[in-house]
Amino acid sequence: MIEPAMTPEWSLYEVFIRARSGLEHKHVGSVHAADAPMALQHARDVYTRRQEGVSIWVVKSVDIVASDPADADAWFEPARDKIYRHPTFYAIPDEVKNL
Amino acid sequence: MYTQGLDQHGRQEAQPAAAESAVLGARFQARIDAEERIEPKDWMPEAYRQTLIRQISQHAHSEIVGMLPEGNWITRAPSLRRKAVLIAKVQDEGGHGMYLYSAAETLGISREQMLAQLNAGTAKYSSIFNYPTPTWADVGAIGWLVDGAAIINQIPLCRCSYGPYARAMVRICKEESFHQRQGFEIMLALSRGTPAQRRMAQEALERWWWPALMMFGPSDAESKHTAQSMRWKIKRFSNDELRQHFVDVTVPQAEYLGLEVPDPELQRDAASGHYRFGAIDWSEFQDVLRGSGPCNRERAAARRRADEEGRWVREAAAAHAAKRAAPSGAPP
Amino acid sequence: MTEALVRDLEAARLRYVLQLADTSLVLAQRLGEWVGHAPALEEDLGLANVALDLLGQARLLLGYAAELEGRGRSEDDLAFSRDQGEFLNVTLAEQPNGDFACTIVRQVLIDAFQLELYDSLQRSSDHRLAEIAAKSLKETRYHLAYSAGWLLRLGDGTAESHARSQAALDALWRFTVELFAADDSDTAAADAGIAPHLSELEPRWSERIQELLRQATLMPPPHTPYRWQGKRGEHSEHLGYLLADMQFLYRAYPGARW
């Protein structure tokens with residue numbers, strides 16, 4: 001039997017980095033860690049070596065709840081024809097200011 | 001570059017038994033043709049998934065095994081600046097391995113399984129890392145030639161159809177250019193140095209030139225997987241195209257260094273602007289692939305040792321975390 | 001101040017800077033040995049990170065030492081052409097990596113020391129040292145979080161990790177006395193306000209280490225008599241091998257540029 005090279009108790013964490021104050025945290029990848037403080041340090045050591053961040057979130061991958069791509073049509077298509085949500089849908093005469 | 005052993009893999013594509021599967025397959029191919037990115041939970045043919053798992057994991061393995069030939073010289077780097085740069089480079093390679101393992105894990109394989117495959121020898125890594133680094137000049141040659149070849153292979157991968165792999169490649173490409181520059185800078189310093197240093201550089205070029213050309217893999221006529229990988233936009237250019245590009249950009253660099261490429265048939269073709277070069281000895285490539293290269297045993301042994309000797313550490317960390325999480329455990 | 005006193009003070013300043021530089025350099029060199037062989041890929045990056053920080057500190061300090069020396073030598077000349085008798089690192093830094101527990105115990109002991117040291121050095125009468133200390137302090141805070149975290153995991157992990165950690169602590173404890181043993185150079189530097197009095201740093205270091213050991217369920221070893229004199233260039237057998245490895249290429253091609 002081949003021994004697994006890493007014990008299963010090291011969980012997979014997804015890493016989110018805020019590049020600069022004012023921006024949101026963005027997903028950049030994942031790290032393995034035995035606990036949350038380790039995950040944070042690993043994320044810092046792997047993903048911020050080139051000043052890519054000022055803040056880090058780590059979330060256990062199993063805790064991420066994601067929409068099902070199979071439902072993409074039902075979830076995201078209906079928004080397509082609601083173009084009245086966009087300002088360009090409305091014809092306002094040029095002379096009218098501040099609209 | 002990272003699909004060595006795929007031809008021997010022998011995996012059959014799942015037969016499209018139901019009409020639904022055929023429809024899904026057609027829709028999938030249409031998305032690929034429209035340059036859409038496939039993301040982790042999207043439907044994909046099983047063969048697409050397996051090809052990617054294989055390629056991405058072998059790419060990841062190449063990065064971490066690649067830490068060894070250069071890691072050899074960290075303690076012996078001839079200046080403090082070179083030492084710092086080399087540590088940063090090897091650290092980057094470890095990081096690249098991690099980005100790629102992360103990408104592969106989105107396809108339903110775990111890091112544990114991938115490392116087990118590496119240690120068992122069932123997964124391959126780029127054959128180039130089975131060559132030794134006997135001198136400091138080899139560190140320069142690796143940066144210049146091996147990272148140079150990798151960059152040429154990796155830039156098209158930034159537009160690979162699978163999202164996580166493409167994004168990992170974008171990240172890697174940003175970091176990789178310093179790797180090649182540090183290697184070239186080492187060679188430059190040597191070529192401008194003492195006669196002994198110039199000789200060191202020349203001999204390193206002679207050791208690494210042909211293995212670097214072999215990195216791009218055999219001519220695509222030899223591989224039945226190329227066509228399918230191109231259709232799925234995992235592969236964008238043929239091995240020969242990429243190899244030719246590498247030769248074309250690298251030979252002028254060697255000329256600038258005042259070093260001689262070890263190929264008597266190397267000649268610039270004025271009409272096409274390309275360099276014609278000699279025949280590659282693929283038997284050496286096959287030997288290395290089969291495990292008989294100069295350092296296959298050493299690399300494999302080093303990886304196994306690190307994993308085995310690290311087992312008690314990983315177990316300790318897991319045990320500690322479990323104690324902290326247990327309701328009857330000590331307060332954090 | 002008489003000329004002789006000034007000379008003595010400048011000699012003490014140079015020795016002091018070299019002590020700090022060499023400790024960081026030798027420790028960076030040890031950590032560099034781990035890259036590619038760590039227990040997990042993430043730790044290859046973590047250890048490399050500490051190595052890079054320490055190497056950076058060493059370069060700044062060696063650069064300053066070269067200026068103070070005034071012989072036109074570079075940071076590389078100092079790193080690669082001095083023999084072990086001229087290296088002034090604490091003996092603890094040159095101890096072999098051993099297993100991961102040994103490396104972590106060594107790291108915690110020195111990180112906690114550098115934390116107190118750099119914190120105090122921010123108030124040094126030597127502005128250059130104060131600047132270097134301020135920058136290094138930020139790095140050291142992270143180093144200590146990293147090494148202390150691992151000490152806890154290993155000390156309070158499995159029976160095996162606990163045994164290895166205790167063994168490492170028992171083996172390395174005797175080198176900690178040197179950290180706070182002030183010689184004439186230390187005293188001269190402290191009196192001139194260049195360096196803190198080591199006796200002032202010891203209580204805070206001791207308290208922090210004792211608390212960490214307690215949390216890690218490790219037993220502090222008994223006090224041993226002071227014998228180690230790395231700070232005065234009298235080293236254990238290990239430094240010779242470390243320097244042979246580190247310096248050979250520079251020495252094999254004298255005058256070559258890399």
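The values are calculated or read from the model by the stated rules, or taken from the named source; none is laboratory data. Keep in mind that this is a model prediction, so the values were computed, not measured. Backbone-built Cβ (ideal geometry, glycine too); neighbour counts: all protein chains shown. The accessibility values were calculated without ligands, DNA or RNA, using every heavy atom of the protein model including side chains. Shrake-Rupley method; radii C 1.70, N 1.55, O 1.52, S 1.80 Å.
Within segment B:23-49, the set of residues being free of Cβ contacts under 8 Å to residues at least 12 places away in the same chain and away from chain A (no Cβ under 14 Å) comprises B:ALA26, B:ALA30, B:ASP33, B:ALA34.
Here's the yes/no breakdown for (1) touching a residue at least 12 places away in the same chain (Cβ under 8 Å); (2) surrounded by 24 or more Cβ atoms within 10 Å (Cβ to Cβ):
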site	(1), (2)
B:GLN58	yes, yes
B:HIS61	yes, yes
B:ALA120	no, no
B:ALA123	yes, no
B:ALA141	yes, yes
B:TRP144	yes, yes
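Of all residue pairs spaced 6 or more apart or on separate chains, those with beta-carbon atoms under 8 Å, a first member in segment B:151-163 that is closer than 22 Å to B:TRP43 by Cβ and open to solvent by less than 10 Å² (accessible area, probe 1.4 Å) and a second member that is part of a loop (DSSP other than H, G, I, E, B) and of a type in the set (Phe, Trp, Tyr) are B:SER161/B:TRP232.
Cβ-Cβ contacts under 8 Å between residues 6 or more apart (or on different chains), taken from a first residue in segment A:73-99 that is more than 27 Å from B:TRP43 (Cα to Cα) to a second residue that is open to solvent by less than 100 Å² (accessible area, probe 1.4 Å) and in a loop (DSSP other than H, G, I, E, B), are listed as A:LEU99/A:ILE92.
Mind listing just one residue for me: the one in segment B:1-56 that is acidic (Asp, Glu) and more than 19 Å from the chain's Cα centre (by Cα) and, of those, modelled with the lowest pLDDT? Walk me through it before giving the result.
Pass one, segment B:1-56, residues acidic (Asp, Glu): B:7, B:13, B:20, B:33, B:35-36, B:39, B:42, B:46.
Next, from what is left, pick out any that are more than 19 Å from the chain's Cα centre (by Cα): B:13, B:20, B:33, B:35-36, B:39, B:42, B:46.
Values: B:GLU13: 44, B:GLU20: 71, B:ASP33: 94, B:GLU35: 93, B:GLU36: 92, B:GLU39: 93, B:ASP42: 90, B:GLU46: 94.
Among them, the one singled out is B:GLU13.
Against the conditions (1) in a helix (DSSP H, G or I); (2) under 17 Å from the mean Cα position of the chain (by Cα), C:PHE80 satisfies every one except (2). Taken together, B:LEU100, B:LEU115, B:LEU107 contain a single residue that is crowded, with 24+ Cβ neighbours inside 10 Å, aliphatic (A, V, I, L, M) and farther than 21 Å from A:TYR47 by Cα, which is B:LEU115.
For segment A:43-62, the candidate set comprises residues that are open to solvent by 50 Å² or more (accessible area, probe 1.4 Å) and within 13 Å of chain C (Cβ to nearest Cβ); within that set, the residue that is nearest to the chain's Cα centre (by Cα) is A:ARG44.
Among the β-branched types (Val, Ile, Thr) and closer than 12 Å to C:ALA112 by Cα: does that describe C:ILE194?
Values: among the β-branched types (Val, Ile, Thr): yes; closer than 12 Å to C:ALA112 by Cα: no.
No.
Comparison of B:GLY193, B:GLY217 shows that the only residue that is at pLDDT below 95 and not in a helix (DSSP H, G or I) is B:GLY217. When you look at B:LEU52, is it assigned to a helix (DSSP H, G or I), buried (at least 23 other Cβ atoms within 10 Å of the Cβ) and within 12 Å of another protein chain (Cβ to nearest Cβ), yes or no? In short, no.
Just checking: which of the helices (runs of 4 or more DSSP H) contained wholly in segment C:93-176 hold 1 or more residues that are among the polar types (S, T, N, Q) and surrounded by fewer than 22 Cβ atoms within 10 Å (Cβ to Cβ)? Explain how you work it out, then say what you get.
Details: elements: C:100-121, C:127-155, C:159-172.
In segment C:93-176, C:100-121, C:159-172 are the helices (runs of 4 or more DSSP H) which contain 1 or more residues that are among the polar types (S, T, N, Q) and surrounded by fewer than 22 Cβ atoms within 10 Å (Cβ to Cβ).
Can A:VAL65 be described as open to solvent by 100 Å² or more (accessible area, probe 1.4 Å), β-branched (Val, Ile, Thr) and without any contact (Cβ under 8 Å) to a residue 24 or more places away in the chain? Considered against the rule, which asks whether it is open to solvent by 100 Å² or more (accessible area, probe 1.4 Å), β-branched (Val, Ile, Thr) and without any contact (Cβ under 8 Å) to a residue 24 or more places away in the chain, A:VAL65 comes out as yes. Do you know which of the residues in segment C:188-202 that are open to solvent by 60 Å² or more (accessible area, probe 1.4 Å) and assigned to a helix (DSSP H, G or I) is farthest from C:ALA4 (Cα to Cα)? Here the answer is C:GLU202. Within segment A:63-77, take every residue that is of a type in the set (A, V, I, L, M) and assigned to a helix (DSSP H, G or I) and give me the one that is farthest from the other protein chains (Cβ to nearest Cβ). If we take residues in segment A:63-77 being of a type in the set (A, V, I, L, M) and assigned to a helix (DSSP H, G or I), then A:ALA74 is farthest from the other protein chains (Cβ to nearest Cβ). Could you please find all residues in segment C:177-187 being open to solvent by 30 Å² or more (accessible area, probe 1.4 Å) and either more than 25 Å from C:LEU88 (Cβ to Cβ) or part of a helix (DSSP H, G or I) (or both)? C:VAL177, C:ASP184, C:THR187 - these are the residues of segment C:177-187 that are open to solvent by 30 Å² or more (accessible area, probe 1.4 Å) and either more than 25 Å from C:LEU88 (Cβ to Cβ) or part of a helix (DSSP H, G or I) (or both).
Checking each residue in segment C:12-48 for being without any contact (Cβ under 8 Å) to a residue 12 or more places away in the chain and open to solvent by 20 Å² or more (accessible area, probe 1.4 Å) picks out only C:HIS37.
Please state which one of C:ALA65, C:ALA51 is touching a Gly at 6+ places or on another chain (Cβ under 6 Å) and either surrounded by fewer than 21 Cβ atoms within 10 Å (Cβ to Cβ) or assigned to a helix (DSSP H, G or I) (or both). I'd like the intermediate steps shown before the answer.
Numbers: C:ALA65 fails: touching a Gly at 6+ places or on another chain (Cβ under 6 Å).
That would be C:ALA51, the only listed residue that is touching a Gly at 6+ places or on another chain (Cβ under 6 Å) and either surrounded by fewer than 21 Cβ atoms within 10 Å (Cβ to Cβ) or assigned to a helix (DSSP H, G or I) (or both).
Of the helices (runs of 4 or more DSSP H) entirely within segment B:254-332, those holding at least 3 residues that are modelled with pLDDT of 90 or more occupy B:296-309, B:311-325. Condition first: without any contact (Cβ under 8 Å) to a residue 24 or more places away in the chain, over 18 Å from B:ARG76 (Cβ atoms) and of a type outside the set (Asp, Glu). Now tell me which residues in segment C:57-90 satisfy that. Correct list: C:GLY63, C:ALA66, C:GLY70, C:ARG71, C:GLY72, C:ARG73, C:SER74. Note on segment B:273-295: among residues that are aromatic (Phe, Trp, Tyr) and touching a strand residue (DSSP E or B) at 6+ places or on another chain (Cβ under 9 Å), the one that is least open to solvent (accessible area, probe 1.4 Å) is B:TYR275.
For segment B:212-220, the criterion of being open to solvent by 40 Å² or more (accessible area, probe 1.4 Å) and of a type in the set (D, E, K, R) is satisfied by no residue at all. Picking from B:ARG303, B:ARG290, which residue would you name as being facing chain C (nearest Cβ under 10 Å) and under 23 Å from B:ALA212 (Cα atoms)? Result: B:ARG303 is the single residue among B:ARG303, B:ARG290 that is facing chain C (nearest Cβ under 10 Å) and under 23 Å from B:ALA212 (Cα atoms). Scanning segment B:55-87 for residues that are farther than 18 Å from B:THR133 by Cα, facing another protein chain (nearest Cβ under 9 Å) and among the aliphatic types (A, V, I, L, M) returns B:LEU80, B:ALA84. Hey, can you tell me all the residues within segment C:36-75 that are farther than 30 Å from C:SER161 by Cβ, more than 9 Å from chain B (Cβ to nearest Cβ) and either hydrophobic (A, V, I, L, M, F, W, C) or in contact with a His (Cβ under 9 Å, 6 or more places away or on another chain) (or both)? The answer is C:LEU60, C:LEU61, C:ALA65, C:ALA66, C:LEU68. Filtering segment B:220-277 to residues that are under 30 Å from B:ARG199 (Cα atoms) and among the aromatic types (Phe, Trp, Tyr) leaves B:PHE246, B:TYR256, B:TYR275, B:PHE277. Only a single criterion out of (1) closer than 25 Å to C:SER161 by Cα; (2) open to solvent by less than 70 Å² (accessible area, probe 1.4 Å) is not satisfied by C:TRP228, namely (1).
Across segment A:27-42, a minimum of one residue is classified as of a type in the set (Asp, Glu), within 13 Å of another protein chain (Cβ to nearest Cβ) and touching a strand residue (DSSP E or B) at 6+ places or on another chain (Cβ under 9 Å).
Just to be sure, is C:THR176 under 20 Å from the mean Cα position of the chain (by Cα) and modelled with pLDDT of 95 or more? Considered against the rule, which asks whether it is under 20 Å from the mean Cα position of the chain (by Cα) and modelled with pLDDT of 95 or more, C:THR176 comes out as yes.
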